[in-house]
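The values are calculated or read from the model by the stated rules, or taken from the named source; none is laboratory data. Since the model is a prediction, treat every value here as computed from it, not as a measurement. Quick reminder, even Gly has a Cβ in these numbers, built from the backbone with ideal geometry, and neighbours come from all protein chains shown. Remember, those area values only see protein heavy atoms, side chains included, never the ligands or the DNA or RNA. Shrake-Rupley method; radii C 1.70, N 1.55, O 1.52, S 1.80 Å.
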Amino acid sequence: MTHLFAMATFAFVLSATPGPVNVLALASGLNHGLFRSLPFVFGATAGFTALLYMIGLLGAELVEGVPVLMQVMKVLGTAYILYMGVKLFRAKTELTQCEAITPRFYQGVILQWMNPKAWIACLSGIAAFVSGADGHMLIVFCTVYFAVCFVGIALWAGLGRWGQKVIKQASHLDLLNKIMGLTLIGLAGYLLFI
């Protein structure tokens, strides 16, 4: 039971802390509400869990054995995060008819697979909680992570939904979209240089 609690704590801390996926979930919740943001939340959760499982099966040896793989993922991931940030920054918004991007399921999957933070979380999680070729423990860890990751990302979309009640003018929503877009652009820059 202690091991499961440690897994869940690890998963929650890494899933609920700010990052590109959570910033986009917040912006989506703000612009479209929690219900319309759920496909993205599911996609990001499924994408991360699939990545976690794949890394668990293939082992960290693949990434360590082919160091250029991490560099390629870093560049591609940063470019995708930058692209999403620019789209959000440039989105036109009106309170009556919001035109801001509604992130989709597939975008959540892609963003996780291109997110250096997700790769690092997977590698460190596998190293910490799955010993050797323990397939049973990998399944347990992926199951725990799926549930906790969904909650962590959904909290950000829910926070955005709560923000809808506070924002009464289209100019405020437009400003928040620009701030969220710039945050994603800043995260992309940060990820490129770490």
Return only the number of the condition from (1) open to solvent by 30 Å² or more (accessible area, probe 1.4 Å); (2) at pLDDT below 80; (3) hydrophobic (A, V, I, L, M, F, W, C) that residue 84 does not satisfy. (1)
Only one of 163, 152, 158 is at pLDDT below 90, surrounded by 15 or more Cβ atoms within 10 Å (Cβ to Cβ), assigned to a helix (DSSP H, G or I) and under 21 Å from the mean Cα position of the chain (by Cα). Can you tell me which? 163
Kindly list, by first and then second residue, each pair from a residue in region 1-21 that is closer than 14 Å to residue 152 by Cα to a residue that is outside any helix (DSSP H, G or I), limited to pairs with Cβ atoms under 8 Å and residues at least 6 apart or on different chains. 19/115; 20/115; 21/115
Cβ-Cβ below 6 Å, separation at least six or inter-chain, first residue in region 106-127 and farther than 13 Å from residue 41 by Cβ, second β-branched (Val, Ile, Thr): which pairs? 122/55; 126/55
Kindly indicate whether residue 111 is under 22 Å from residue 35 (Cβ atoms), at pLDDT 75 or above and aliphatic (A, V, I, L, M). yes
Hey, could you check region 87-105 for residues that are farther than 20 Å from residue 43 by Cβ and among the β-branched types (Val, Ile, Thr) and say which is modelled with the highest pLDDT? 93
